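The values are calculated or read from the model by the stated rules, or taken from the named source; none is laboratory data. Everything quoted here is computed from the prediction, not taken from an experiment. Every residue, glycine as well, gets a Cβ built from its backbone with ideal geometry; the counts of neighbours run over all protein chains shown.
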Amino acid sequence: MRGFACAALLALTACGVSAGDVPMIAGDYELIEVEGKEIFGKPTARIAPDGAISGQGPCNVYRSENSAELPALDYKTMVTTRRACIREGGETDFLAALGAVRQAERRGGELVMTGPGVTIRWYPLP
């Protein structure tokens, strides 16, 4: 049995696959902040194991596939509802920031998404 486990581990290593290579970012989150932007409400995100994202923005519901391979992120096409918002609430800035992120990682108890000129911090929901 021990030989089988070693052989399996060796095969994964030879293929370049390591459990530490892909961050565990899948889950449900609530927005802490988009640095430098005022975002109202409590936007949420549900991140799938492949990095796809969906959730509630400051006003509208949104979703996007991840066009990159984790740990990279690339939300090229963000699909949103077109609800008439009483208050804009930073919706444009929020969606633009999501479209600009290029990676995500766990830092302490938070999920931090970063990209050129953008940092988004999320709190994991139970």
Candidates TYR29, TYR62, filtered to the one that is more than 11 Å from the chain's Cα centre (by Cα) and part of a strand (DSSP E or B): TYR62
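Regarding the range 52-62, can at least one residue be identified that is more than 19 Å from GLU30 (Cβ to Cβ) and among the polar types (S, T, N, Q)?
Taking the range 52-62 as the starting set, the residues that turn out to be more than 19 Å from GLU30 (Cβ to Cβ) are none.
No - not one qualifying residue is present in the range 52-62.
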Hits in the range 106-126 - residues which are farther than 13 Å from GLY36 by Cα and in contact (Cβ under 8 Å) with a residue 60 or more places away in the chain: ARG106, GLU110, LEU111, TRP122, TYR123, PRO124, LEU125
Flag if ALA97 is part of a strand (DSSP E or B) and buried (at least 20 other Cβ atoms within 10 Å of the Cβ): no
Scope the range 100-121; condition surrounded by fewer than 19 Cβ atoms within 10 Å (Cβ to Cβ) and part of a loop (DSSP other than H, G, I, E, B); matching residues: ARG102, GLY108, GLY109, PRO116, GLY117
Residue that is modelled with the lowest pLDDT [pool: residues in the range 1-23 that are surrounded by 11 or more Cβ atoms within 10 Å (Cβ to Cβ) and within 17 Å of the chain's Cα centre (by Cα)]: VAL22
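Please work out which residue is nearest to the chain's Cα centre (by Cα), limiting yourself to the range 50-59 and to residues that are surrounded by 14 or more Cβ atoms within 10 Å (Cβ to Cβ) and without any contact (Cβ under 8 Å) to a residue 40 or more places away in the chain. Steps first, please.
Of all residues in the range 50-59, those surrounded by 14 or more Cβ atoms within 10 Å (Cβ to Cβ) come to 51-59.
Still in the list and also without any contact (Cβ under 8 Å) to a residue 40 or more places away in the chain: 52, 54-59.
Working: ALA52: 7, SER54: 9, GLY55: 11, GLN56: 13, GLY57: 14, PRO58: 17, CYS59: 19 Å.
The residue in question is ALA52.
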Residue tally, condition surrounded by 14 or more Cβ atoms within 10 Å (Cβ to Cβ), part of a loop (DSSP other than H, G, I, E, B) and modelled with pLDDT of 90 or more, over the range 65-89: 8
